[in-house]
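Taking it in order: structure first as structure tokens, then the write-up.
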Amino acid sequence: MSKFFFACALIPLFAAPNLSALQDLNTPRTFPKIESKAEWKNRAEGIREQVLVSCGLWPMPERTPLNAHVFGKIVHDDYTIEKVYFESYPGFFVGGNLYRPVGKGPFPGILNPHGHWENGRMADTNTGSIAGRCINFAKQGMVAFSYDMVGYNDTFFPAGAPVEGKNLYKRHRTFGTNEVDLLWNINLMGLQTWNSIRALDFLESLPDVDKRRLACTGESGGGTQTFMLGAIDDRLAAQAPIVMVSHSMQGGCSCENAPGLRIEYSNMEIAATAAPRPQIMVGATGDWTKTMMSIEGPGVESVYRLFNQENRLQYRIFDFPHNYNQTSREAVYEFFGETLKPRHPASKEANFVKEPDQQLRVFPDDKLPAGAVSAEELVRSLVANSAAQLQYLQPKNKRGLVQYKKAMLPAWEHTMQLDGSKMPAVDIAYLSQGSNCRGIVVLADPRGKSAFINETNNPRGLAKLLVDRKFQVMVVNVPGEPGPTPKQVDLFYTTYNRTFAQERVRDLVNACDLARATGEKVILCGTGRAGLWAMLAAPAADAVVADCAEVDEASDAALLKADLFVPGLRKIGAFEGVANLAAPNPILLHNTGEKFLSASVREVYSVVNSGKRFRAEKNPLPDEEMANWIAELKNF
């Protein structure tokens, strides 16, 4: 019988990685060219999803009672100040100050996250004053709430209360530093973003606040919180991120970085996600926002132009170092006066006197309320909550499977970092014999093409068995081990770069997409540890055969290995959770050993009446048996 063999080499994947191509927080970015409002809306939705997934907020956690306490009122002629604390999570207390106008509302409400000042929200210098802007907002007729970054002032874990030399920044960066935390997308940025969501919940709940006129403004790290909140929460009517929307430096603190967040997106695009809601961005000539008028501003403006709402965006720059000083504040006063319509709008700052720190402190003796949780307890609680969410979403019937996929498919796509305007080329060889193709089998093995193609470019092993059974075979040339890359299990690496495993999964998904374009059914088959990548790519295929390599799925150490590490993998249920997304497509798992988890997958296939489509074997299967299983697939 005549044979047809064709090999197509696009980008050889065995080549050593180009380390110079790795991104970091200082890698310059360009704003993408967007042709239509529909194209942008689709991209903006991807950005929102990525922010939530990266921050560990997909699915969204339960909004437990805030148990807010407002007390210690300080009365002035035209404004008041109160102390506030609430529980963003049970036992985690967020502290701050509430500045209110005198009189009867409703008033606009302004959230005020702060930057990495040495003294946190108590900062009051010529460069920046959190109290100064909040007092002026209140004088103008707006309710302003300033709240702490984690670790600053009144928002800390009980074991971390004493601060040597008052180094609040050092205490700030102690949360979410365990490598295992990355598997659950538990990180400092996620905690702070959740605190901002709950702070907005608190502000919105006040009877004198107008829910239709909520806004947020912050500088530096607080600027990051401003546009992150704006990207994921449509309750904001306006926002003012200060000295942080940059095409270059994206944020130097762990509270500004989360796994996968900026692989495809920059701060410019995240800020633009708020369009067409009103926004003012302020830059400074003395920091990384110095090109605001030529790069960042016009880039974001291009999105507002798609909505014919360029007048809702302002961008300004002032000749100062990194700041939120009086000049920058006055630009925001004027903008909020125009957009939020307070009773006493002003473009100039009124004189103010900040209260002494001790009068603003919520817990001046550094003693938290009873029930305060430690960082370790909070992490355990977040892990338990994520596990409970997965258990709740576990499909109980066909309708439940639809709901599960609706909730978890976006999480899978962003966890595997499949988003991107340009998918990479993949080194592929096509093998076929004659006509009457029965489907396309995508094959991958850590040994590369040599596992399936001999020295004379003819199929061998499993590939030959499949070609003989009239399947077209697509061999994906994937490397088996990471090259000499930097340490993958690092927050700042994963924020800007795909891990080795994410690259391999993307290769296989790309190959499946190419195969599906032919109109044929696609069977994805991974041998050796490539079977694990095939499992993680399973939703992209019509059927899957995967060598599970006897991996102990319950072991964090196993999931942290260089060829398997995927940030957030546990958050989506690891291999079981991804396999459930492939249901009810046929799946054959083999070489599971004693510790690879598949019980929940079997259960899902059972409840959707597809039990015969799922097979799991503890021992490795010979090529002949895998080829026969594939050949026997019918009506799939």
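The values are calculated or read from the model by the stated rules, or taken from the named source; none is laboratory data. If you're wondering where the values come from, they're calculated on a predicted model, not measured in any experiment. Heads up, the Cβs are rebuilt from the backbone with ideal geometry, glycines too, and the neighbour counts pull from every protein chain shown.
Select, from A407, A425, A387, the only residue that is under 30 Å from A463 (Cβ atoms) and either modelled with pLDDT under 95 or assigned to a helix (DSSP H, G or I) (or both).
Values: A407 fails: under 30 Å from A463 (Cβ atoms); A387 fails: under 30 Å from A463 (Cβ atoms).
The match here is A425.
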* Test N436 against the criterion of being surrounded by 21 or more Cβ atoms within 10 Å (Cβ to Cβ) and among the polar types (S, T, N, Q), and give yes or no. => no
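Checking the conditions here, which among A44, A38, A9 is among the small types (G, A, S) and modelled with pLDDT under 95?
A9
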* Asked: How many residues are assigned to a strand (DSSP E or B) and within 18 Å of the chain's Cα centre (by Cα) when one looks only at the range 211-229?
  -> 0
* To do: Could you tell me whether the range 152-172 includes any residue that is modelled with pLDDT of 95 or more, in a loop (DSSP other than H, G, I, E, B) and at positive phi?
  => yes
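Could you list all residues from the range 339-351 that are under 38 Å from the mean Cα position of the chain (by Cα) and either outside any helix (DSSP H, G or I) or not assigned by TED's automatic domain parsing to the domain that holds Y79 (or both)? Quick ask: steps written out before the conclusion?
Residues of the range 339-351 under 38 Å from the mean Cα position of the chain (by Cα): 339-342, 345-347, 349.
Passing the criteria: K341, P342, P345, A346, S347, E349.
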* Structure fact -> Given the conditions (1) of a type in the set (A, V, I, L, M); (2) assigned to a strand (DSSP E or B); (3) exposed (fewer than 14 other Cβ atoms within 10 Å of the Cβ), every one holds for A38 apart from (2)
* Asked: Does the range 232-249 contain any residue that is touching a Pro at 6+ places or on another chain (Cβ under 8 Å) and acidic (D, E)?
  -> no
* Asked: Just one of the numbered conditions (1) modelled with pLDDT of 50 or more; (2) part of a loop (DSSP other than H, G, I, E, B) is not true of A15; which one?
  -> (1)
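Restricting attention to the range 198-245, which residues are small (G, A, S) and in contact with a strand residue (DSSP E or B) (Cβ under 8 Å, 6 or more places away or on another chain)?
Within the range 198-245, A199, A215, G218, S220, G221, G222, G223, G230, A237, A238, A240 meet the criteria.
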* Would you be able to tell me the number of residues in the range 524-553 that are closer than 24 Å to P59 by Cα and at pLDDT 95 or above? => 7
* To do: Check off (1) more than 31 Å from the chain's Cα centre (by Cα); (2) among the basic types (K, R); (3) not in a helix (DSSP H, G or I) for K612 and give me the number that stays unchecked.
  => (3)
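Looking at E256, E179, E219 in this structure, which one is of a type in the set (D, E, K, R), under 20 Å from L382 (Cα atoms) and crowded, with 24+ Cβ neighbours inside 10 Å? Reasoning before the result, please.
On the way: E179 fails: crowded, with 24+ Cβ neighbours inside 10 Å; E219 fails: under 20 Å from L382 (Cα atoms).
The conditions single out E256.
Would you mind listing the strands (runs of 3 or more DSSP E) fully within the range 478-596 where at least 2 residues are out of contact with any Leu (no Cβ under 8 Å at 6 or more places or on another chain)? Outline the logic, then answer.
Working: elements: 522-526, 543-547, 587-590.
Result: 587-590.
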* Complete set of residues in the range 313-334 that are crowded, with 16+ Cβ neighbours inside 10 Å, in contact with a strand residue (DSSP E or B) (Cβ under 7 Å, 6 or more places away or on another chain) and not small (G, A, S) -> L313, Q314, Y315, R316, I317, F318, F320, H322, N323, Y324, N325, V332
* To do: From F320, F363, F336, grab the single residue that is part of a loop (DSSP other than H, G, I, E, B) and not aliphatic (A, V, I, L, M).
  => F363
* Structure fact -> Checking G337, G371, G299 in turn, the sole residue that is more than 20 Å from G218 (Cβ to Cβ), buried (at least 17 other Cβ atoms within 10 Å of the Cβ) and of a type outside the set (A, V, I, L, M, F, W, C) turns out to be G299
* To do: Count, please, the residues in the range 519-557 that happen to be under 20 Å from N477 (Cα atoms) and of a type outside the set (A, V, I, L, M).
  => 9
* Applying the selection to the range 131-146, what residues are touching a residue at least 60 places away in the same chain (Cβ under 8 Å) and within 16 Å of E355 (Cβ to Cβ)? -> A131, G132, R133, I135, N136, F137, A138, K139, F145
* Asked: So which of R63, R29 is assigned by TED's automatic domain parsing to the domain that holds A144 and either among the charged types (D, E, K, R) or part of a loop (DSSP other than H, G, I, E, B) (or both)?
  -> R63
* Within the range 57-115, considering residues that are free of Cβ contacts under 8 Å to residues at least 40 places away in the same chain and either β-branched (V, I, T) or buried (at least 23 other Cβ atoms within 10 Å of the Cβ) (or both), the one farthest from E204 (Cα to Cα) -> V75
* **Filter result (more than 14 Å from G190 (Cα to Cα), among the charged types (D, E, K, R) and either part of a strand (DSSP E or B) or touching a Leu at 6+ places or on another chain (Cβ under 9 Å) (or both)) within the range 234-275** => R235, R262
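Based on what the data block shows, is V442 assigned to a helix (DSSP H, G or I), more than 30 Å from T27 (Cα to Cα) and in contact with a strand residue (DSSP E or B) (Cβ under 8 Å, 6 or more places away or on another chain)?
On the way: assigned to a helix (DSSP H, G or I): no; more than 30 Å from T27 (Cα to Cα): yes; in contact with a strand residue (DSSP E or B) (Cβ under 8 Å, 6 or more places away or on another chain): yes.
Criteria not met by V442.
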* Test A627 against the stated conditions and say whether it is in contact with a helix residue (DSSP H, G or I) (Cβ under 7 Å, 6 or more places away or on another chain), farther than 15 Å from K405 by Cβ and crowded, with 19+ Cβ neighbours inside 10 Å. => yes
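Residues of the range 50-92 being among the basic types (K, R) and under 29 Å from E256 (Cβ atoms), which ones? Give the derivation first.
To start, the set of residues in the range 50-92 that are among the basic types (K, R) comprises 63, 73, 83.
Within the range 50-92, R63, K83 qualify.
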* To do: Out of the residues in the range 445-477 that are surrounded by 23 or more Cβ atoms within 10 Å (Cβ to Cβ) and assigned to a loop (DSSP other than H, G, I, E, B), state the one that is farthest from the chain's Cα centre (by Cα).
  => F471
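Name the residue, out of C548, C512, that is surrounded by 23 or more Cβ atoms within 10 Å (Cβ to Cβ) and closer than 30 Å to I186 by Cα. Can you show your working first?
Working: C512 fails: closer than 30 Å to I186 by Cα.
When all the criteria are applied, what remains is C548.
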